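What follows is a short report on a single structure.
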Amino acid sequence: MNVLFQTRKDYKENLAGDSIQMQKTKEYLEKIGIDVDISTKDYISLEKYDIIHIFNLTRIKESYGFTQNALKQGKPYALSTIYWDMSDYIKNGKNTPTRIEWWKRDNHLREEMLNNAAILLPNSEIEWEVLKRSFNVKCQYSVIPNCADRFFYDAKPDNFISEYGLTDFILCVGRISCRKNQLALINALKGTGLNVVLIGPNNNEDYYKQCKFAAGSNALFIDQMPYYKLASAYAAAKVHVLPSWFETPG
């Protein structure tokens, strides 16, 4: 079987959960003999592929183009929705009315994508319930939970401790951005004397500067790191905190 995965153009440069989900799905499908290609283009020939697998319902402009290309060429597509309704976050955050309208404006395209899919692949039953509340969904679905590599479970703290000299700290892993809400964590820990380690790429320069300005000497910022080091960081930490405004559940 030949499968084409399609996702946003910056899935490598702007590494996020959808990037990891797609890459790991590809890795394990190939282990059972399925041929998988990845493309970020919405105009390529799909002749050699049996099915198209599209990732991410949130960034609609690119994803919608993939679905239209598949439909034009008579190819079925599966959709890993990776979706959450951002309405409350947009309303309660520092966003303009224009941004709120931007989110609502594209919902009819999302509904069209959902109902033209051969199957929907949410990460959880909760995500499926959100999709049903938000859209008139008529398509069949199958929940595909997010997983973790085994080496995270077996990881030892030694590598991280030897490099950074820290243990029993508060860990927060995720790209530095408003939605991930690291600034709230930094402010909450002020005066506690607790060490906090924030691992993730800078996704918003202004927000990153705010976090750095608010952080004390007990905060350590680390950019992306190899998985084996990240696993060691989890093992060395006392607790992991994810203070995001929302996450797609899985």
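Listed values, structure above:
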| read-out | value |
| --- | --- |
| Read-out mean projected area of the Cα convex hull in nm², derived from the coordinates shown; its label in (1) 13.6; (2) 14.7; (3) 12.6 | (2) |
| Dipole moment magnitude, nearest 20 debye, the chain about Cα centre, only Lys, Arg, Asp, Glu C-beta charged | 540 debye |
| Contour minus Cα-Cα distance for PHE246 and TRP102 (0.36 nm per residue) | 50.0 nm |
| Sum of side-chain charges, ALA231 neighbourhood, beta-carbon under 11 Å (Lys, Arg +1; Asp, Glu -1) | +1 |
| Dipole magnitude (debye, nearest 20) for region 2-134, charges at Cβ of Lys, Arg, Asp, Glu | 380 debye |
| Cα-based Lys proximity count in region 2-134, under 12 Å, for pairs eight or more positions apart or on separate chains | 5 |
| For TYR77, net neighbour charge (Lys/Arg +1, Asp/Glu -1) across residues whose Cβ lies under 13 Å away | -1 |
| The chain, helix-only ellipticity at 222 nm - DSSP H runs n ≥ 4, -39,500 (n - 2.57), divided by all residues, nearest 500 | -11500 deg cm²/dmol |
| Candidates ARG133, ARG179, ARG59, ranked by Gaussian network fluctuation over the chain, Cα under 10 Å, top entry | ARG133 |
| For ASN123, net neighbour charge (Lys/Arg +1, Asp/Glu -1) across residues whose Cβ lies under 14 Å away | -4 |
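Every read-out reported here was derived from the displayed coordinates using simple, explicitly stated rules and does not represent laboratory data. Computed from a prediction, not measured in an experiment: that's the story for all the values here. For neighbour counting, all protein chains shown are included, and Cβ atoms are generated from backbone atoms with ideal geometry for every residue, glycine included.
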